[in-house]
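What follows is one structure encoded as structure tokens, with my remarks underneath.
Derivation of every value follows stated rules applied to the coordinates shown; laboratory data play no part. Computed from a predicted structure; not experimentally measured. Cβ sites come from the backbone with ideal geometry, for glycine too, and all protein chains shown count toward neighbours.
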Amino acid sequence: DAGITQSPRHKVTETGTPVTLRCHQTENHRYMYWYRQDPGHGLRLIHYSYGVKDTDKGEVSDGYSVSRSKTEDFLLTLESATSSQTSVYFCAISLSGGKDGELFFGEGSRLTVL
Amino acid sequence: GENVEQHPSTLSVQEGDSAVIKCTYSDSASNYFPWYKQELGKRPQLIIDIRSNVGEKKDQRIAVTLNKTAKHFSLHITETQPEDSAVYFCAAPGTASKLTFGTGTRLQVTL
């Protein structure tokens, strides 16, 4: 089983505060992704990374930034959280090294912005 | 970018019946079509996938069919069981190194 850990798993914060979610993998996979899941919208890509310091935007990137300084860690930051960013956030790794292979998801991080 | 539409959004079937979920995609460059299952409170997990050089793929009670000309693919579940109750997502990659997901289908299998 691919080793992928998200932290924190649950967080409640207030509007305007910064939040960082961490995704940690143990198997040296090159591609990592951050998705958010909301009712009626499915899974929407926020940002993804194809290597250390190599990142690109997804379809809902506004209000989010990412960093990948090490292969194993992919951080998602909300600079100033808003209520619209209340969601479940999933990190995923590509087991095949690209777009046409299995994504393995973390267990998710539930964020509530009050 | 890729646009994926999924129907229906909810589906209720009786145990033992078949279920079919359909997806359409927009980018003719897409060549990989996975299906994910997400049980309540859990992470999405890959259940089956198909590549564009194949028209159909089966794995026990589940199958996926692909029509590249019409740009649609479908998930078929036969002899449904209560443990098939979940949300199912289709996806397609387009040209970039990322998957675009459909909005999901909540399948409920009733006894």
Query raised in the report: Applying the Karplus parametrisation 6.51 cos²θ - 1.76 cosθ + 1.60 with θ = phi - 60° to the phi angles of the range B:5-19, what ³J(HN,Hα) value in whole Hz is obtained for each residue in order, glycine and proline being reported as x?
Result: 10, 10, 8, x, 7, 9, 8, 10, 10, 8, 3, x, 7, 9, 10
Query raised in the report: B:Lys57: net charge of surrounding residues, Cβ under 11 Å, Lys/Arg +1, Asp/Glu -1, itself excluded?
Result: -1
Query raised in the report: Amide H of A:Ser96: which non-local residues (sequence gap of 5 or more, or other chain) have their own amide H closer than 5 Å, using H built in the peptide plane?
Result: A:Glu102
Report summary line: In whole Hz, the Karplus estimates of ³J(HN,Hα) for the range B:49-66 (6.51, -1.76, 1.60; θ = phi - 60°; x where Gly or Pro) are 9, 9, 10, 5, 8, 10, x, 8, 9, 10, 8, 6, 8, 10, 8, 10, 10, 10
Requested in this report: Mind telling me which of B:Ala92, B:Ala70, B:Ala19 comes out most flexible in a GNM of chain B, alpha-carbon contacts under 10 Å?
Outcome: B:Ala70
Query raised in the report: Straight-line reach from B:Lys57: which lysines have Cα under 23 Å away, leaving out those fewer than 8 places along the same chain?
Result: A:Lys99, B:Lys22, B:Lys37, B:Lys68, B:Lys71, B:Lys98
Report summary line: Here the range A:51-63 yields Karplus 3J(HN,Hα) values (6.51, -1.76, 1.60; θ = phi - 60°; whole Hz; Gly and Pro given as x) of x, 4, 6, 10, 9, 8, 7, x, 7, 10, 8, 4, x
Query raised in the report: Pick from A:Phe90, A:Phe74, A:Phe104: which is most flexible by mean-square fluctuation in a GNM of chain A where alpha carbon atoms under 10 Å apart are linked?
Result: A:Phe104
Query raised in the report: Under 15 Å Cα-Cα from A:Lys70, which aspartates and glutamates qualify once same-chain neighbours fewer than 8 residues away are excluded?
Result: A:Glu27, A:Asp54
